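Colleague: Before we start, here is the structure in question, set down as structure tokens.
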């Protein structure tokens, strides 16, 4: 029960991160916000050091760490751009495609084939994506799905979702060559260090005006909510089945849609919420099939 409660708080923290990011992006550059997400999460990640034991780290780990960090930076910039230009309730449910992409990629990468539950999950995610844009069906019956490639925000998040599937598989390989906590700590450190020169170059003469107290107040909750998500997630894992944790955390997609409606006054909430619920149901089937 405690493990499931922690998993719910992890999902809630993830949704809070999305909402805080949307708020911050009204005043901040997407590169700065993407960097702040990991930088201000570091204080909470350091808490994990108290339960840290030095694992056996294989040489391959460092190569995978660099590769996944580079892709992660690209993902977060794309993610922030999508959140900045589109409704939260429209783009966040697109992340439901990540487990679908993993299911498609896995047979080629780690030789895992989808079963009947996985196939049902794929169908539900696609149906949910259709209902998400059901208001657009007057432009053609297939337009709600075409919108994934036509609408810029949806297109960006769709691509980010695909890249997340790749990094999820690489995460697994990297962890097998080290340990979960070791990997989590080092990917945050490397992300912050590798991304910082890009952020500073992009800001150029606006560094002082960007990192003022008013803007730091916007950045801080983005990073802290991300850190709390990881902390709750790591605490939940030993207390219950991993599949339960993953399933409960996916409720964050539905919570983000609700946040979009109540916090940012976004419209078309009925179709989007219905679509999000069906997509999450699809994810649950995919998880069940593993």
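Nothing in this text is a laboratory measurement; each read-out follows from the coordinates by a stated rule. Computed from a prediction, not measured in an experiment: that's the story for all the values here. Cβ sites come from the backbone with ideal geometry, for glycine too, and all protein chains shown count toward neighbours.
Colleague: Note the full-extension length gain between residue 123 and residue 241 as 0.36 nm times their separation in residues minus their Cα-Cα distance, in nm to one decimal.
Modeller: Gain in length upon complete extension: 39.9 nm.
Colleague: Give me the extension gain from residue 105 to residue 211: residue separation times 0.36 nm, minus the current Cα-Cα distance, reported in nm with one decimal.
Modeller: Here the answer is 34.1 nm.
Colleague: Taking the simple approach of a point 7 Å from Cα along Cα-to-Cβ for both residue 52 and residue 204, what is their distance in nm?
Modeller: It is 3.8 nm.
Colleague: I need 176, 56, 266, 30 ordered by Cβ neighbour count within 10 Å, fewest first.
Modeller: Least to most surrounded, the residues fall as 56, 176, 266, 30.
Colleague: Starting from the 7 Å offset along Cα-to-Cβ, what nm value, one decimal, do you get for the label separation of residue 85 and residue 173?
Modeller: 3.1 nm
Colleague: Then there's this: If R0 is 51 Å, what FRET efficiency do you get for residue 135 and residue 194 from their C-beta distance, rounded to 0.05?
Modeller: So the FRET efficiency works out to roughly 0.80.
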